[in-house]
Amino acid sequence: MKTIDVEVLKDLVNIVGEENILKDEVDLMCYSRDCTPYFCMPEVVVYPETVNEVSEIVKLANRRKIPITPRGGGASVTGSSLPRYGGILLSLVKMNKIKEIRPEDFYVIAEAGVLLKKLNEILSKYDLIFPHDVGSADACTLGGLIASNAHGHHGFKYGCIRDWVLSLEVVLPNGDIIRTGSNVLRSNCGYDLTRLFIGSQGTLGVITEATLRVMTTPKYKASIAAFFDRIEYANKAIIKIVSSGAEPSTIELVNRFVLKSANDEFKLNFPDAETMVVVDIDGDSEPSVKPRIEKIIDICIKEKSQKVYGSDEPSEIEKFWKPRLYLDLAISRRTQGKTNIGCLAVTDPCVPLSKIAYVVKALEEIYQKHGLIVGIAVHAGVGIIHPMIYIDVLNREEWKKAKKAEKEVIGFIKSVGGTITGEHNVGLIKIPYTRLELGNNLELMKKIKTLLDPNNIMNPGKLGLDVEDRDSSVDFAYPSYCLDLETNKEK
Ligand SMILES: Cc1cc2nc3c(=O)[nH]c(=O)nc-3n(C[C@H](O)[C@H](O)[C@H](O)COP(=O)(O)OP(=O)(O)OC[C@H]3O[C@@H](n4cnc5c(N)ncnc54)[C@H](O)[C@@H]3O)c2cc1C
């Protein structure tokens, strides 16, 4: 249903100027996708440059009951930044100023459209870092990271985004501009409104600015690569490393298929093992880090690692990380005609650390039983599992197999006490499982949403909050040519 008429367009031009509006179909197409196979056309794209402009646009949308979807880099892997019901797509990319850097107070104030990579380039001049190295750092914005509560590769030591946000400037769905939290390192007055907006996926308001905690850049880094011929040995080693006090910044694990693919593709000459574990350690100096490296190597050897390497050479560290970072490239070379569908509902379940080996093996079995190719990578220090499924994306039967396996995997993850998402959030594709995950908390979330956004204009149709989605069994993780979003039926 069309929501934008000539009057609304005129009002938008008055707020941001003709040059900050896209309305031609070809231009709109560029905003109709994210990193899922879905396709949702906005009716207009608007680029505000100030918080007051954002407020005026939101007020207009609220008055006319027009859906409004905030968008940063569009790197979402859940469909969260797609304008499901059309309306206004609000691109924050022109709000990209870093307003203040306070090295001695360890914070930075930046607008929502600043790219993560850009922020760290600028902070590096002050010997500071915002330590979240998400895989999409070149493309994603601070607003998108905060609204998704993203989690970087070194999240074992540095947590997720919510641990580093001190304060937010937010435009509420009625156009009011609020400031949550405070710029100091501790603020403890009443409800934590900052955290309410973190992970809200643009459904409660538009984040326009953030005060983020930053830290001094670690001066020394080293990595360990350990190979195990049984994943159970690796799991034991991981638990011992976590409890050892050696304080790694990350512990990553890949399964045999990923390791073999990378070994073949990049000629790495690593041992043929069931599991590879990579551990990073950082600190302010070599002497402070070295004993921690030795401790971790010792644990791996005691837990029957067949081979352990350690190095502080950047080229060696890069080699250790190749199977983890370039797994998609390595696997796609050996699965001609098949593509990683990193857009199913099961992209990032999180399980208890003691169950990692059990879960990885069970997932391999489930996917193989359904005739699917799977590579598995794990943020093993925190238990987040990334299964990568490869299918012929134009083949509906393969999609069906993947969806059948997915249902089984979700049930299994819940049965071991896991959660359906530890990293990417819900967006569109995990809607069928939010009830399972949240139970009655979903009702409370809906009440909060209605209180702040009675007209449901802010990113409607996401997180399972909408009446029509709440108890539905609709499977959103089908590509658009399999599922009609209007009718929620298979085409
Ligand atoms: C190659 C690749 C690697 C990735 N690696 C990781 C990873 O390591 N860890 C991880 O957690 N994720 C990862 N992701 C997913 C994605 O990058 C993150 O979710 C990221 O936070 C998205 O940022 P964005 O600016 O692109 O947001 P978008 O995709 O534009 O938006 C994401 C959500 O935030 C909302 N939003 C955006 N800006 C605002 C705003 N200013 N105010 C309110 N709401 C807003 C949108 O409405 C949407 O709901 C990866 C994606 C890719 C493609």
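The numbers here are math on the coordinates, done by the rules we state, and not lab data. Computed from a prediction, not measured in an experiment: that's the story for all the values here. Here Cβ is always computed from backbone atoms with ideal geometry, including for glycine, and neighbour counts include all displayed protein chains.
Annotations for the structure displayed:
- From helices alone, the chain scores -10500 deg cm²/dmol at 222 nm; the rule is -39500 (n - 2.57) for each run of n ≥ 4 DSSP H residues, then divide by the residue total.
- For the pair residue 335 and residue 285, label points projected 7 Å from Cα toward Cβ lie 4.8 nm apart.
- Counted charge near residue 269, where neighbours are those whose Cβ lies closer than 12 Å (Asp, Glu -1; Lys, Arg +1): +2
- Most tightly packed first, judged by the mean number of other beta-carbon atoms within 10 Å of their residues, the peptides 183-194, 434-445 read 434-445, 183-194.
- By the compact-protein rule of thumb, 2.2 N^0.38 Å, the alpha-carbon radius of gyration of segment 204-280 corresponds to a ratio of 1.53.
- Likely footprinting exposure, 5, 24, 229, fewest C-beta neighbours within 10 Å first: 24, 5, 229
- Dimensionless Rg ratio for the chain, taking C-alpha atoms and the 2.2 N^0.38 Å reference: 0.99
- Unsatisfied cross-links (Cα-Cα over 21 Å) in the set 361/404; 307/369; 369/401; 404/447; 430/462; 404/430: 307/369; 404/447
- Distance between the 7 Å Cα→Cβ label points at residue 396 and residue 266: 4.0 nm.
- Principal axis analysis of the Cα atoms in segment 145-265 yields extents of 58, 30, 26 Å, listed in decreasing size.
- One decimal place: the segment residue 438-residue 304 gains 44.3 nm when fully extended, by the rule 0.36 nm per residue minus the C-alpha distance.
- Extension gain for residue 185 to residue 312 (0.36 nm times residue separation, less C-alpha to C-alpha distance): 42.4 nm.
- Radius ratio Rg over Rh of segment 274-325, counting only Cα atoms, Kirkwood formula for Rh: 0.96
- Annotation: extensible slack from residue 451 through residue 99 equals 123.6 nm (criterion: 0.36 nm per residue apart, minus Cα-Cα distance).
- Each of 144, 90, 103 was scored by the projection of its Cα onto the charge dipole of segment 90-157, and the greatest displacement toward the positive side belongs to 90; charges sit on the C-beta of Lys, Arg, Asp and Glu.
- Of the two radii for segment 99-149, the radius of gyration is 0.94 times the Kirkwood radius, both from the alpha carbons; that is the Rg over Rh value.
- Expressed as a whole percent, the proportion of Cα-Cα pairs in segment 286-386 lying more than 22 Å apart is 46%.
- For segment 24-178, the fraction of alpha-carbon pairs in successive 5 Å shells from zero, as %: 2, 9, 17, 21, 20, 14, 10, 5, 2, 0
- In this calculation the C-beta distance from residue 247 to residue 9 is compared with R0 = 60 Å, giving a FRET efficiency of 0.60.
- Rounded if a/c under 1.5, otherwise prolate or oblate - segment 151-211, Cα gyration tensor axes: oblate
- Charges were assigned to the Cβ only: +1 to each Lys and Arg, -1 to each Asp and Glu. The resulting dipole of segment 145-274 about its Cα centre is roughly 360 debye.
- nm² value of the averaged projected area, convex hull over the Cα atoms of segment 200-340: 11.8
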